[in-house]
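Structure first, then comments.
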């Protein structure tokens, strides 16, 4: 008879061959978060530490490929065939918001840099729109022209803010840059994404943003500070050149009013030499003394996110503590 160990509590349970992790826990009278029992909701996500298991079919909504790559499984769809160890997730690790389709209106437009425009939307008020800081939505500007963008605003604000960089050949970003006007209707679908702020975490936080990837990082940062996070919060914001820097005034204001927060702007092409130069992950590698108790949130171009993830992993930070969204520029749609 296989043994099922719950690493978070140290409990060891007897499991039957082929029994799911969730069924074994429920049969033993041990609490395990769940809802649908059919692999459709994601409420029973947990971390597979070790074991001989078989994973049954499940909804991609309940468990994404990205989540599975970090070692997550669904307890209700994972059969135990040998001694197995799993770890239940902390309260607040799994957040699910109702998926909405909302008509919105463009309330304000502003150029942040030569190629990044902020778009502020107000939805029609048909119920509240809930999301977690760091998540994204799909925005349809005209029929057939749709793209995913992260919220730069924080939950509960009146307007939803997005940072849209004009991508060469990108239909959606070109439309935003050249045609979108105040008063235009935009259809929102979401929220989506797993790289959101873990509210339960009280330890140090590392934020890394590349280009318009500052949007979700800005949302996470503002919410952290608004909620009185006491541990150190460190942001590294990387762009190519000085003309690509934006929202530095906001970062200055946050640093001045929150002593636990500090930041660096890193230029990969520092022509004038007044700011820190080099690649973002190199700056972090120089400064990072320890990863003990750390949570990292990364957003930006895939090479930046991949290099940063490799660095953090090499320093001993587990994938469960690295939360990342990489932004891919897709010709013809971006």
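Values for this structure:
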{"item": "Relative contact order computed over region 171-307 (Cα-Cα under 8 Å; 6+ residues apart), in percent", "result": "29 percent"}
{"item": "Descending principal axes extents, the chain, alpha-carbon based, whole Å", "result": "66, 47, 36"}
{"item": "Efficiency of FRET between residue 289 and residue 68 - r from beta-carbon atoms, R0 41 angstrom, step 0.05", "result": "0.80"}
{"item": "Calculated FRET value between residue 248 and residue 3, using beta carbons and R₀ = 45 Å, to 0.05", "result": "0.25"}
{"item": "Gain in span if fully extended, residue 26 to residue 178, counting 0.36 nm per residue against the direct Cα distance", "result": "49.0 nm"}
{"item": "0 to 90° range, to nearest 10: angle between helix 248-257 axis and the chain longest Cα axis", "result": "60 degrees"}
{"item": "Over the chain: helical MRE at 222 nm, DSSP H runs n ≥ 4 each giving -39500 (n - 2.57), nearest 500", "result": "-5500 deg cm²/dmol"}
{"item": "Kirkwood-Stokes translational diffusion coefficient of region 105-148, alpha-carbon pairs, 37 °C, 0.692 mPa s, µm²/s", "result": "261 µm²/s"}
{"item": "Separation in nanometres of the label points that stand 7 Å from Cα toward Cβ, at residue 57 and residue 157", "result": "4.3 nm"}
{"item": "Against the rule of thumb 2.2 N^0.38 Å, how large the Cα Rg of region 3-88 comes out", "result": "0.96"}
{"item": "Kirkwood-based shape ratio for region 244-332, expressed as Rg/Rh from alpha carbons", "result": "0.98"}
{"item": "Alpha-carbon gyration tensor eigenvalues x 5, square-rooted, for region 100-192, Å", "result": "20, 14, 13"}
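Quick note: the coordinates plus some simple rules give every number you see, no bench work behind them. No experiment lies behind these values; they were computed from the predicted model shown. Here Cβ is always computed from backbone atoms with ideal geometry, including for glycine, and neighbour counts include all displayed protein chains.
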